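Here's the structure, in structure tokens; my notes come after.
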Amino acid sequence: MTWAALFPNVIFLMTTDELRARVARICWHHSIDLGQGIVTPGQDNSSRKLRRLKLPETLEGKSVLDVGAWDGYFSFEAERRNARRVLATDSYSWNGLHDWGDKRGFSLAREALGSKVEDMDIDVLELSPERVGTFDVVLFLGVLYHMKHPMLAVERVASVTAGMVIVETVVDMLWCGRPAFAFYVGDELGRDATNWCGPNPQAMVGMLRVAGFRRIEVVSGLRPLWFRYAKAAYLKWKRGYDFLGMARTDRIVVHAWK
Ligand SMILES: C[S@@+](CC[C@H](N)C(=O)[O-])C[C@H]1O[C@@H](n2cnc3c(N)ncnc32)[C@H](O)[C@@H]1O
């Protein structure tokens, strides 16, 4: 337990060296600028993802829920854009059962940024208005393809969305003109056995419609074929991912309003 956790209303100043040493002890997902010249060494290109999200420039007066927040890059960004309240939720990576991450990154970033982002440890399928309330803006970023029950997850997310949801996801089955899903039985997507499903864009839009969203816009769609092949070649070289498995997938961002 840190002093900051014991006394949340007191600001404890860290020296740059202390902060750098604490950052170095954590396995980061996000690249968060903590100030003092320190950026967390996450493997995620968080700023590139942010550009694709087309997050509203200002969130003044809005309540924001970040589902699957991990280190909290997008929660802190919502706060920076003047959201009235931000709740970051997660469960899987925060429970620290894996060597690739836990909640320490989120906690340290919040402390270093002097942030008031709230947090709750809760599974996506447990989200409900009774448990967390409803929010003007819900971020559902990089989580859907980890869901074994994707439609149920979208319904849970819809239940806590009062205004708009922003979904960022892997998409697969791109050659199929009808709504379709890839089902990942093993670790074939990114050598990660926690990946379960890859909807195609039509299935993503369809799930949002079935969950009660009326206006749905794909704001960042499929990248050109050369880009997907170049990315797949890079990931094959850098991380040993299956080339064809990566080349036939992409990522999209969808905005949807009730
Ligand atoms: C790829 S990371 C995405 C993190 C962040 N939202 C982003 O876009 O960079 C997926 C996140 O979803 C969380 N997650 C996966 N399954 C979950 C579940 N059933 N309930 C809650 N969170 C879950 C993981 O813990 C992880 O933090």
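Between 0 and 90 degrees, the angle of helix 201-210 with respect to the longest Cα principal axis of the chain falls at about 70 degrees. Listed values for segment 138-145 are Karplus-derived 3J(HN,Hα) couplings in whole Hz (6.51 cos²θ - 1.76 cosθ + 1.60, θ = phi - 60°), namely 10, 9, 10, 10, x, 10, 3, 6, and x replaces Gly and Pro.
Beta-bridge orientation, the chain: approximately 50 percent antiparallel, per DSSP, counting only bridges with both partners inside. Note on segment 147-258: Cα-Cα pairs beyond 16 Å make up 61% of the total pair count. Once all protein chains are placed together, Ser31 keeps about 40 Å² accessible to a 1.4 angstrom probe. Evaluated at q = 0.14 Å⁻¹, a Debye calculation over the C-alpha positions of segment 184-236 (equal weights, vacuum) places log10 I(q)/I(0) at -0.57. Remark on segment 205-258: hydrodynamic radius 12.7 angstrom, per the Kirkwood mean of 1/r across alpha carbon pairs. The Kirkwood hydrodynamic radius of segment 75-136, based on inverse pair distances between different Cα atoms, is 12.7 Å.
Taking a quarter of the surface of the Cα convex hull of segment 36-79 gives a mean projected area of 3.9 nm².
Can you work out the accessible area per residue across the chain, with the rest of the protein chains kept in place, probe 1.4 Å, in square angstrom?
That works out to 51 Å² for each residue.
Sort the chain into rounded, prolate or oblate with this rule: let a ≥ b ≥ c be the square roots of the eigenvalues of the Cα gyration tensor; rounded if a/c is under 1.5, and if a/c is not under 1.5, prolate when a/b is larger than b/c, oblate otherwise. Taking the square roots of the gyration eigenvalues as a ≥ b ≥ c, the chain is oblate.
Stretched out straight at 0.36 nm per residue, the stretch from Thr15 to Arg52 would grow longer than its current Cα-Cα span by 9.9 nm.
Backbone N atoms of segment 142-183 closer than 15 Å to the 7 Å Cα→Cβ label point of Arg214 belong to residues 162-165. Atom-type composition of the exposed protein surface of segment 132-188 places 59 percent of the accessible area on carbon and sulfur (1.4 angstrom probe). Modelled label positions at Asp187 and Trp175, each set 7 Å beyond Cα in the direction of Cβ, lie 2.7 nm from each other.
At full extension, Glu155 and Trp100 could sit 16.9 nm farther apart than now, given 0.36 nm per residue minus the alpha carbon distance. Report summary: the helix-based calculation at 222 nm, which adds -39500 (n - 2.57) for every DSSP H run with n ≥ 4 and divides by the residues of the chain, gives -9000 deg cm²/dmol. What the phi angles of segment 153-161 give under the Karplus curve with 6.51, -1.76 and 1.60, with θ = phi - 60°, is a coupling list of 5, 5, 5, 5, 5, 4, 5, 10, 9 Hz, glycine and proline written as x.
The values are calculated or read from the model by the stated rules, or taken from the named source; none is laboratory data. These numbers were taken from a predicted model, which means no experiment stands behind them. As a convention, Cβ positions derive from the backbone with ideal geometry for all residues, glycine included, and neighbour counts pool all protein chains shown. The area values use the complete protein model at the heavy-atom level, side chains included, leaving out ligands, DNA and RNA. Shrake-Rupley method; radii C 1.70, N 1.55, O 1.52, S 1.80 Å.
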